[in-house]
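All remarks here apply to the structure that follows.
The values are calculated or read from the model by the stated rules, or taken from the named source; none is laboratory data. Please read all numbers here as calculations on a predicted model, not as lab measurements. Here the Cβ positions follow ideal geometry from the backbone for every residue, glycine too, while neighbour counts run over all protein chains shown.
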Amino acid sequence: MALALPAGAQTTLTPDTMRGVAAEALRNGDPTRAKTYAEALLRRDPKDLTAHLIHARALRDLGQLPQARHAASVAWQMAQTDDQRYAVALVTAQILSTAGKRTRAQFWLRRAAHHAPNDLLQARAARDYKYVQQRNPWHSSLSFTLAPNSNINNGSARDRSELNYLASNIVFGTPVEYVLSGNARALSGFEIGGSARTRYRFKETATTAHDATMSLSYRTFLLSGPAKSQAASVAGSDFAFGNIAVGYGYRKHNRDRKGEFTFEAEGGQSWYGGAQYASYARVDFGQSFRPTADRSFNAALNLERHFGQATPDLDKIGLKANVTQRLASGATAYFGAAYETTWSPTSSDSEYQEVEIRAGYVPGAPVMGTQLQFGVGVARREFDTSRHSANGRQENRYFADVTATFNKVDYYGFNPTVTLSASHTQSNVGLYDLNRVGLRAGFHSAF
């Protein structure tokens with residue numbers, strides 16, 4: 001079947017030829033001509049998917065965005081194969097991005113990547129996603145937790161501990177070990193939680209950026225059967241923790257764009273067990289430097305003040321620094337150190353100093369399609385005073401984790417992850433001897 005060209009054209013073309021001519025018109029920057037051919041094709045066959053796509057692209061290039069979006073929507077309903085869905089999703093993302101709806105465009109680019117018929121086209125969708133993401137003033141992230149936890153209440157690993165040495169000395173003339181109650185010992189259970197964070201970049205130049213931020217988080221717990229027997233008077237929700245915060249962020253490139261200075265200020269409110277726990281204000285200063293493609297340095301200063309409602313007022317200062325190095329083998333190694341000190345006008349027992357050392361390693365190649373990441377660390381925390389010990393309180397904490405990212409499992413550009421973590425805190429006060437093992441599942445963006 002042949003089609004006569006509109007508007008006085010002198011030749012007759014087949015549908016396939018018209019599709020090719022219309023596509024060529026788009027490539028040559030002539031959307032009006034492409035639109036004319038596409039509409040002729042659609043008069044012939046309203047179910048011509050390629051014509052709908054060309055029509056949508058032409059309308060977009062002509063600035064007729066609502067009509068372009070409608071044409072793409074019709075095409076999506078008609079698409080049957082991955083090839084077709086990929087093409088429609090890509091065009092839909094282009095229309096939305098042109099309309100300034102970049103968050104929705106990012107969703108459609110993830111959709112395109114999901115339906116990409118080969119690795120090359122998937123890489124194109126990922127590249128376009130990054131391009132749109134960089135130009136989107138909004139950036140949001142969500143995370144969810146459904147995981148077993150061996151110690152949901154920060155309970156002791158011991159059954160007995162010396163408690164309140166001053167009172168024990170008065171009553172008994174010597175420190176006395178007490179049997180810890182069920183809810184003072186570690187309770188196992190299941191953690192259920194989620195968090196959301198959004199950023200709006202309200203001002204940006206070639207070297208600076210200004211952001212407004214907001215975050216929400218909440219986690220609650222279900223007690224295991226043994227934990228219910230151990231502490232019948234408590235529920236998992238008694239240990240639920242929530243937080244809401246708003247803030248401001250500033251970033252500036254320096255050192256010939258090899259470095260970046262960051263400043264963040266945040267204020268928030270937390271809840272514990274359904275009751276107000278503390279409000280807080282925090283400022284962070286950071287500086288990164290990447291002298292080569294294989295090495296980077298980071299340093300940060302943190303200042304924080306807590307206004308306690310169910311906990312003492314507390315001021316905190318933290319310093320940390322780390323270096324990341326890509327090795328000749330392709331693996332990546334990490335080493336970091338941190339120092340933190342606190343003081344309180346209402347509770348000297350809350351004042352401590354802590355030093356932490358942490359290291360990490362990421363193999364250069366996946367193992368059976370799984371990217372692994374290992375981390376280990378040790379920390380020393382010292383309290384000058386403790387109501388449970390005349391010698392204050394000293395703690396050594398050892399921790400390790402391994403994260404597996406399953407790169408071969410991909411859904412809308414997300415790969416599933418599983419993290420196994422374990423820690424042991426050794427204290428001179430038995431109440432604070434802690435063991436914790438956790439398994440956490442999540443998702444990691446592939447691009």
(request) Pick out the one residue from G189, G267, G225, G194 that is more than 30 Å from P291 (Cα to Cα), free of Cβ contacts under 8 Å to residues at least 24 places away in the same chain and touching a strand residue (DSSP E or B) at 6+ places or on another chain (Cβ under 6 Å). (result) G267
(message) Please pick out the residue among A293, A310 that is under 28 Å from K252 (Cα atoms) and surrounded by fewer than 14 Cβ atoms within 10 Å (Cβ to Cβ).
(response) A293
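Listed here are the residues, each with its yes/no results for (1) at pLDDT below 90; (2) of a type outside the set (V, I, T); (3) surrounded by fewer than 19 Cβ atoms within 10 Å (Cβ to Cβ).
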{"site": "L3", "(1), (2), (3)": "yes, yes, yes"}
{"site": "D16", "(1), (2), (3)": "no, yes, yes"}
{"site": "R19", "(1), (2), (3)": "no, yes, no"}
{"site": "A22", "(1), (2), (3)": "no, yes, no"}
{"site": "R27", "(1), (2), (3)": "no, yes, yes"}
{"site": "T32", "(1), (2), (3)": "no, no, yes"}
{"site": "L41", "(1), (2), (3)": "no, yes, no"}
(request) Would you mention how many residues in the stretch 132-176 are surrounded by fewer than 17 Cβ atoms within 10 Å (Cβ to Cβ), in contact with a strand residue (DSSP E or B) (Cβ under 9 Å, 6 or more places away or on another chain) and among the basic types (K, R)? (result) 1
(request) Could you tell me which numbered condition Y280 fails, if it satisfies all but one of (1) under 27 Å from G194 (Cβ atoms); (2) free of Cβ contacts under 8 Å to residues at least 12 places away in the same chain? (result) (2)
(message) I need the full set of residues from the stretch 339-392 which are among the β-branched types (V, I, T) and within 26 Å of H424 (Cβ to Cβ), in order please.
(response) T341, T342, V355, I357, V362, V376, V378, T385
(request) Would you mind listing the strands (runs of 3 or more DSSP E) fully within the stretch 340-447 where at least 1 residues are under 31 Å from the mean Cα position of the chain (by Cα) and of a type in the set (D, E)? (result) 353-362, 393-406
(message) Which count do you get for residues in the stretch 88-120 that are among the small types (G, A, S), in a helix (DSSP H, G or I) and surrounded by fewer than 21 Cβ atoms within 10 Å (Cβ to Cβ)?
(response) 0
(request) Name the single residue, out of those in the stretch 424-447 being among the polar types (S, T, N, Q) and surrounded by fewer than 18 Cβ atoms within 10 Å (Cβ to Cβ), that is farthest from L142 (Cα to Cα). (result) N428
(message) When you scan the stretch 324-331, do you find a residue that is within 30 Å of T417 (Cα to Cα), assigned to a strand (DSSP E or B) and among the polar types (S, T, N, Q), even just one?
(response) yes
(message) Just to check your reading of the model, which residue among A25, A72 is assigned to a helix (DSSP H, G or I), within 44 Å of the chain's Cα centre (by Cα) and closer than 30 Å to R201 by Cβ?
(response) A72
(request) For A167, state whether it is within 35 Å of the chain's Cα centre (by Cα), farther than 30 Å from Q269 by Cβ, in the same structural domain as G392 (by TED's automatic domain parsing) and at pLDDT below 95. (result) no
(request) Considering each residue of the stretch 63-121, count those that are at pLDDT 95 or above and of a type in the set (D, E), and give that number. (result) 2
